[in-house]
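The values are calculated or read from the model by the stated rules, or taken from the named source; none is laboratory data. Every value quoted in this text rests on a predicted model; they were computed, and no experiment measured them. A quick note on method: Cβ atoms are made from the backbone with ideal geometry, for glycine too, and the neighbour counts reach across all protein chains shown. Ligands, DNA and RNA are stripped out before the accessible areas are found, and what is left, the full protein with its side chains, is counted by its heavy atoms. Shrake-Rupley method; radii C 1.70, N 1.55, O 1.52, S 1.80 Å.
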Amino acid sequence: MTVNFNKLYPWSDIETVTIDGQVMVKIPKFYIKVGKAPEGSVRAGKKCYMISGHKKDGYHIHPAFMRNGEIQPCFYIGAYEAYNAGSGKAGSASGKTPWVSMTNPQAIQYCNARNTGTGEQAGWHLQNIYERAAISLLMMIELGTPNVQTAIGAGNVSSSAAVATGGTNASWRGIHEFWGNVWEHCDGFKTDASCIGQIFDNKGNGTYKSTGVVVAGGWIKSCAEATGTDFDCNDVFIPSVSDSTEGNGTYSDYCWVSANCVYYASGDWDNGAMDGAFAFNVHTAASSSGTGVGLRLAKYPES
């Protein structure tokens with residue numbers, strides 16, 4: 001059976017909008033349940049992600065739509081990797097040179113700098129792990145595979161430099177360069193001295209919780225399922241089992257990990273098949289910067 005995702009919520013309500021002069025993509029709220037595929041189905045007995053537009057038994061709101069303990073109707077993600085819009089502000093537009101060479105605190109600062117008032121000038125922030133995971137999940141369900149490079153396009157992953165925003169085939173529902181081109185700073189995840197993952201609480205308060213999961217470097221085979229007070233690893237994709245051989249991976253993407261490091265997503269211009277929607281990098285300290293590392297804006301609804 002062929003599914004027309006253009007008529008199926010939440011894909012049907014994903015749209016490109018302009019807010020405060022920035023090109024953003026609206027991701028409408030959804031609820032999630034993770035379990036085993038039922039008997040008689042193609043993937044019977046295997047891990048299965050189920051989403052719904054409204055609350056149902058066994059489902060919970062995806063944490064990407066939580067802010068200060070309140071459910072949000074949507075969030076907005078930059079349609080493009082951020083560029084330097086001047087006055088220390090990150091922007092989102094096509095045909096721009098990606099803004100690179102900033103530390104993680106600076107990336108947060110450049111996104112927050114757009115918060116100059118109310119309405120369109122409020123709710124701006126650096127993308128976080130829950131927002132990245134929500135988008136990756138919707139991609140995987142629609143495409144029927146986590147391998148977005150094969151399903152859509154490799155992106156700029158085998159060159160010697162970044163290209164202008166919107167300049168590659170790595171595009172899904174208006175979101176460009178979600179993989180490849182430059183690494184992207186993300187908020188909400190880091191490793192401790194033992195490479196155990198620390199994640200934002202799932203209530204949207206920005207408080208870190210220890211997952212107890214040791215992040216596994218290599219080609220990603222499976223992701224963590226640990227749960228605890230105010231966190232559920234099933235809401236995100238934290239590599240917990242990896243392999244040194246590409247063919248033994250199941251997500252088709254790679255994980256880099258070191259102690260006391262922050263989270264980058266996407267991959268850059270020369271990582272090849274290691275890049276993708278599930279590429280996971282916690283290999284660099286928050287105080288580090290590099291010419292291959294940029295950022296992407298996100299925004300909560302107007303308030």
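Remarks
- Subset of Lys26/Lys89; Lys56/Lys299; Lys36/Lys221; Lys36/Lys299; Lys55/Lys203; Lys55/Lys190 violating a 22 Å alpha-carbon distance limit: Lys56/Lys299; Lys36/Lys299; Lys55/Lys190
- Based on Cα contacts under 8 Å between residues 6+ apart, segment 168-274 shows a relative contact order of 32 percent.
- Of the residues Gly272, Gly174, Val42, the one whose Cα sits farthest toward the positive end of the charge dipole of the chain, with +1 on the Cβ of Lys and Arg and -1 on the Cβ of Asp and Glu, is Val42.
- Positive-end residue, the chain charge dipole about Cα centroid, Cβ charges, pick of Ser12, Cys111, Gly290: Ser12
- Think of each Lys and Arg Cβ as +1 and each Asp and Glu Cβ as -1; about the Cα centre, that makes the dipole of segment 17-102 roughly 320 debye.
- Hz values of 3J(HN,Hα) by residue in segment 162-176 - Karplus curve (6.51, -1.76, 1.60), Gly and Pro given as x: 6, 10, 4, 4, x, x, 10, 8, 7, 9, 9, 6, x, 9, 9
- Residues whose amide H falls under 5 Å from that of Val213, counting only those 5 or more places apart or on a different chain, are Gly197, with hydrogens built in the peptide plane.
- Among the GluC sites (Glu not before Pro) in segment 214-303, those located in a DSSP loop and surrounded by at most 15 other Cβ atoms within 10 Å of their own Cβ are Glu225, Glu302.
- Accessible area in square angstrom per residue, segment 1-150, 1.4 angstrom probe: 45
- Vicinal HN-Hα couplings computed from phi for segment 263-274 (Karplus, 6.51 cos²θ - 1.76 cosθ + 1.60; Hz; Gly/Pro x): 9, 10, 10, 4, x, 10, 5, 10, 8, x, 5, 5
- Reciprocal mean inverse distance between Cα atoms of segment 128-250 - Kirkwood radius, Å: 15.8
- Of the solvent-accessible surface of the chain, computed with a 1.4 Å probe over protein heavy atoms with every protein chain present, carbon and sulfur atoms account for 47 percent.
- Bridgeable aspartates and glutamates around Lys209 (alpha carbons under 16 Å apart, same-chain partners fewer than 8 residues away excluded): Asp187, Asp192, Asp201, Glu225, Asp230, Asp232, Asp235.
- Compactness of segment 1-90 is given as radius of gyration and Dmax, 17.1, 58 Å, from Cα positions.
- For the chain, size of Cβ-based charge dipole, Lys and Arg +1, Asp and Glu -1, in debye: 460
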